[in-house]
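**Student:** Please find one structure pasted underneath; my questions will follow.
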Amino acid sequence: MQSIESYNLDNLKELNGGISPTIYYNEEGLVKGIYGKYTDMIINNGKDAIHSLYNIKDLFGMYNPAKEFVLDKEMRQENQVIYRLQQVYNGYLVYLNQIIITVNEKGEATSISGKYTPLSNISFDNKVDKEEAIEIAKKYSDESKGAKYTSEKVVYIQNDNSAITAWMIRYNNINNITKEKIIFIDAESGKLLSEMPLVIN
């Protein structure tokens, strides 16, 4: 896949019939959204969607899309299909980092947008194990009857865009679903990073 051409802005203008597509940039100056055609590949499935990322690899600052993304969800709507791709690092989910690709009924890309963070040298050999993380999370939730905790180690992107390893604890309570939430615990220090309502999508 590395032989696929990585397009520049002139290539995108040519792809769109001589008209530059609408492009949005992040704070680092990398592209985060292209509203228009960004690839000449026909996208019929999640694998095709991931392969199409090679055409905008340099614009988004990506390293190797086939190793950095997995298909999270495919949504078919009238006259279009939406592919939601999840960023991963060494097999670990990069929380909230997703790329959304929209194609028309012919499989032609019409837009791409989302969040991607270049990552390297992240250690998953951390001090806080799963059981300890759940015990910490219990301090921030209601341990009443019906409470259930599940955990997953993830890459957590902080507000300054730096990446750390964290335990993502899902707190469910069949007796009070209004209190269900996700709690993030630093896998190294055991500190609470954030918490938010649990949303199933």
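The values are calculated or read from the model by the stated rules, or taken from the named source; none is laboratory data. It should be emphasised that the depicted structure is a prediction, and the values quoted were computed from it without experimental measurement. Note that each Cβ is placed from the backbone with ideal geometry, even for glycine, and that neighbours are counted across all protein chains shown. We work out accessible area using only protein heavy atoms, side chains counted, and drop any ligands, DNA or RNA first. Shrake-Rupley method; radii C 1.70, N 1.55, O 1.52, S 1.80 Å.
**Student:** Is it the case that some residue within region 119-141 is among the β-branched types (Val, Ile, Thr), touching a helix residue (DSSP H, G or I) at 6+ places or on another chain (Cβ under 8 Å) and under 25 Å from residue 65 (Cβ atoms)?
**Tutor:** no
**Student:** I'd like the residue in region 128-148 that is among the hydroxyl-bearing types (Ser, Thr, Tyr) and open to solvent by 40 Å² or more (accessible area, probe 1.4 Å) and, out of all such residues, is modelled with the lowest pLDDT.
**Tutor:** In this case the residue turns out to be 144.
**Student:** Sticking with this one: Quick one: residue 7 ticks every box in (1) under 29 Å from residue 152 (Cβ atoms); (2) open to solvent by less than 40 Å² (accessible area, probe 1.4 Å) bar one, so which box is it?
**Tutor:** Among (1) under 29 Å from residue 152 (Cβ atoms); (2) open to solvent by less than 40 Å² (accessible area, probe 1.4 Å), residue 7 violates only (1).
**Student:** Now for a different question. Can you name every residue in region 28-67 that is over 21 Å from residue 120 (Cα atoms) and surrounded by fewer than 16 Cβ atoms within 10 Å (Cβ to Cβ)?
**Tutor:** Correct list: 35, 40, 42, 44, 45, 47.
**Student:** Let me ask you something else. For residue 22, state whether it is at negative phi and free of Cβ contacts under 8 Å to residues at least 40 places away in the same chain.
**Tutor:** For residue 22, the condition - at negative phi and free of Cβ contacts under 8 Å to residues at least 40 places away in the same chain - is met.
**Student:** May I ask you to say which residue of 57, 127, 106 is in contact with a Ser or Thr (Cβ under 9 Å, 6 or more places away or on another chain), touching a residue at least 60 places away in the same chain (Cβ under 8 Å) and outside any strand (DSSP E or B)?
**Tutor:** The conditions single out 127.
**Student:** Right, next: For region 113-128, which positions are aliphatic (A, V, I, L, M) and under 30 Å from residue 22 (Cα atoms)?
**Tutor:** 119
**Student:** Among the residues of region 7-21, which ones are under 27 Å from the mean Cα position of the chain (by Cα) and among the aliphatic types (A, V, I, L, M)?
**Tutor:** Across region 7-21, the qualifying residues are 9, 12, 15.
**Student:** Quick test of your reading of the structure: residue 84 fulfils all but one of (1) touching a residue at least 24 places away in the same chain (Cβ under 8 Å); (2) open to solvent by less than 50 Å² (accessible area, probe 1.4 Å). Name the failing condition by number.
**Tutor:** Tallying (1) touching a residue at least 24 places away in the same chain (Cβ under 8 Å); (2) open to solvent by less than 50 Å² (accessible area, probe 1.4 Å), residue 84 fails exactly one: (1).
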